[in-house]
Amino acid sequence: MDELLHLPLRLAPNRVYRFYKGGGLMDRFRGLPSPEDTMFPEDWVGSTTPAINPPEHTYEGEGLSTVEVGGRDHVIADLLRERPRDIAGARIVERYGDTTALLVKLLDAGSRLPVHVHPTRDLARQIFDSQFGKAEAWYIVATRQIEGAPSPRVWLGFRDDVSAEQVRGWIETQDTEAMRGAMNEVEVAPGDAVFVRPGLLHATGAGVFLVEAQEPTDFSIMAEYEGYPIDPDIAHMHRGWDTMLQVIDSAAVTADELNVLCGRPRRVAGNETEGWTADDIWGSQSDPYFKGFRLTVTGSVAWPYAGAYSVNIVTAGSGLAETAHGALELKAGDTFTILGGTAATTISGDLDMLVTTPSFV
């Protein structure tokens, strides 16, 4: 077994330019001395997905994460091409090909994001020739009150059925106040979980710091662009609204459906006596796309998710990730990956962490 697979690998911060400011809570989470909001409000954690940005904000390798092995930095996407089964895991490669089938972000919105939408896999194949659409899901890490903004909240889908003609009218006139007014508006707090199925218009409010798991694409169709530095042609990704309106699900998201989309993590493994517990963050609705778990360790546990690429974020406490070859020290704010072929690993200490993996379903 070579050095790449000896230990879990620490993931360095990988900040990505976006068109909105944020990141102050993320800086605090990472333990930086002077937290501030900047135009790099997202950290793409363990990413093998290139970011899509305007040319003036694009650089080589943007969005791609690196790991240090043998004293050298390696781009994970390059390692994936060279050794897909060792990186992603055999089951993932057999199902999806040479991909991790996963993108995870830390996202801290210092202002409200515009209303936007992502495609299903079927529409992504038709429009972008991609096997992945962009289902996504959020776990709220922390919130803050932004001056002049409402309390931290998100918008998700329409309360009532809306015609495609009405949606087109709102987009063409940029009557986004009316569009948001027709959407479900949900206040959020730390520990809340939200699943955003493809096709649902949505927006994250100011003051929300979250972990976002998603399919490994950067397809975002901006139904709201006025007042943001977004070119109207980029809003529909140069495909036109005749094409992109079919991405939007304008059917009502009922109160019962909203309760499922905005559920709470549920205990699925372990117990306090054994020294560890695992809660399923988004439940079965995320099964076709990815999985997320809140792992709490008060003793030690053999890594429960062996054999697949995982992106892991320590949210509290400290501990160790150990193999027969050594140990990686962990503390709140750390991010690390356990590869599909990493040596058998044990997590010990007193810590909470969020674990995301590709779907096996």
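The values are calculated or read from the model by the stated rules, or taken from the named source; none is laboratory data. Since we're looking at a predicted model, the values are computed, not measured. Neighbour counts run over all protein chains shown; Cβ positions are idealised from the backbone, glycine included. All accessible areas refer to the heavy atoms of the entire protein, side chains included, with ligands and DNA or RNA removed. Shrake-Rupley method; radii C 1.70, N 1.55, O 1.52, S 1.80 Å.
General observations
- Listed conditions (1) within 19 Å of the chain's Cα centre (by Cα); (2) surrounded by 19 or more Cβ atoms within 10 Å (Cβ to Cβ); (3) modelled with pLDDT of 95 or more; (4) not aromatic (Phe, Trp, Tyr) are all met by residue 121, apart from (2).
- Tally, over the stretch 1-27, of residues that are out of contact with any strand residue (DSSP E or B) (no Cβ under 8 Å at 6 or more places or on another chain), touching a residue at least 12 places away in the same chain (Cβ under 8 Å) and either in a loop (DSSP other than H, G, I, E, B) or open to solvent by 20 Å² or more (accessible area, probe 1.4 Å) (or both): 3
- Number of residues in the stretch 308-332 that are in contact with a Gly (Cβ under 7 Å, 6 or more places away or on another chain), under 29 Å from residue 285 (Cβ atoms) and buried (at least 18 other Cβ atoms within 10 Å of the Cβ) equals 4.
- Matching residues, the stretch 271-292, being open to solvent by less than 30 Å² (accessible area, probe 1.4 Å) and either under 19 Å from residue 346 (Cα atoms) or not in a loop (DSSP other than H, G, I, E, B) (or both): 275, 277, 278, 279, 280, 283, 286, 290, 291, 292
- Looking at 128, 158, just one residue is over 18 Å from the mean Cα position of the chain (by Cα) and open to solvent by 20 Å² or more (accessible area, probe 1.4 Å), and that residue is 128.
- Scan of the stretch 338-361 for residues that are farther than 13 Å from residue 320 by Cα and of a type in the set (Ser, Thr, Tyr), ordered by number: 342, 356, 357, 359
- Restricting the stretch 248-285 to residues that are touching a residue at least 60 places away in the same chain (Cβ under 8 Å) and among the polar types (S, T, N, Q), the residue that is farthest from residue 183 (Cα to Cα) is 285.
- Residue identified as out of contact with any Lys or Arg (no Cβ under 6 Å at 6 or more places or on another chain), farther than 25 Å from residue 264 by Cβ and not acidic (Asp, Glu) among 109, 164: 164
- Being within 23 Å of residue 333 (Cα to Cα), open to solvent by 50 Å² or more (accessible area, probe 1.4 Å), at pLDDT below 95 and not basic (Lys, Arg) holds for only one residue in 33, 50, and it is 33.
- Residues of the stretch 225-236 satisfying the condition of being in contact (Cβ under 8 Å) with a residue 60 or more places away in the chain and either of a type in the set (S, T, N, Q) or in contact with a strand residue (DSSP E or B) (Cβ under 7 Å, 6 or more places away or on another chain) (or both): 230
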